[in-house]
Amino acid sequence: MARHNQSSYGSDKLEFRQIVLSHIKRILDISSHELRDTTTTRSHGNFNETIECEDTRRSYIQSIENLSYVLLPYFDDDMSKIYDECIEMITLFSYEIKKKLKEDYDKIVSEVSKDDVSANWITEVRIKYAKKMFVGLNQLLHRNDYLKSSIYGDSGVDEIVTDEEGEAEEDE
């Protein structure tokens with residue numbers, strides 16, 4: 001019985017490449033809509049009703065963060081530098097971001113008024129760094145030819161190799 005479960009589990013397994021590509025598709029789906037908090041509050045005269053919905057800004061950031069965790073073992077030096085810079089800003093507490101980016105915040109306040117600085121400034125900072133990480137992850141995947149499944153350990157893909165005389169052969 002256990003043997004049957006193993007074989008049916010094996011037939012249902014996803015290739016690593018499929019997992020990565022579906023995760024990228026999810027990030028693109030989220031980003032194809034306005035990134036915002038979709039929670040609404042309705043006033044009904046004598047009471048308020050709050051309808052909590054997905055904050056697509058957080059979903060977008062978390063999706064990119066999780067994709068980076070999946071791809072972490074495959075990082076090269078370029079991606080490691082981008083990751084180190086971005087993951088810090090994505091995962092810091094709000095007060096830590098304010099402290100770390102105090103000069104940037106003060107500069108913005110000096111150019112506009114404090115009242116004009118978005119209440120969501122920290123979220124906007126996190127989105128900025130998440131986008132930078134997403135670009136870096138896509139560049140990493142391109143450098144590693146992520147459409148070629150053999151890069152990430154999957155097998156069963158035909159590859160074309162050349163013999164010593166330069167003739168193409170199919171490898172199974």
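Output ³J(HN,Hα) for the range 100-112: one whole-Hz value per residue in order, computed from phi by the Karplus curve 6.51 cos²θ - 1.76 cosθ + 1.60 with θ = phi - 60°, and x for Gly and Pro.
Calculated HN-Hα couplings, in order: 5, 10, 4, 4, 4, 4, 4, 5, 4, 5, 6, 7, 10 Hz.
Give me VAL70, VAL20 sorted ascending by neighbouring Cβ count inside 10 Å, so fewest comes first.
Fewest-to-most ranking of VAL70, VAL20: VAL70, VAL20.
Taking amide hydrogens as modeled 1.01 Å from N in the peptide plane, which residues meet the under 5 Å criterion relative to VAL117, leaving out close sequence neighbours?
Result for VAL117 returns nothing.
By the gyration tensor of its Cα atoms, with a ≥ b ≥ c the square roots of the eigenvalues, what is the shape of the range 52-99: rounded for a/c under 1.5, prolate for a/b over b/c, or oblate?
Because a/c hits 1.5 or more and a/b fails to exceed b/c, the range 52-99 counts as oblate.
Using modelled backbone amide H atoms (1.01 Å from N, in-plane), which distant-in-sequence or interchain residues come within less than 5 Å of ASP55's amide H?
Result for ASP55 returns THR38.
Could you sort out which of LYS25/LYS81; LYS99/LYS132; LYS25/LYS128; LYS25/LYS102; LYS107/LYS131 sit more than 31 Å apart by Cα distance in this structure?
The answer is LYS25/LYS102.
Read-outs: derived from the displayed coordinates by stated rules, not from any lab. The shown structure was predicted, so the numbers you read here are calculated from the model rather than taken from an experiment. All Cβ positions, glycine included, derive from the backbone under ideal geometry; neighbour counts span all protein chains shown.
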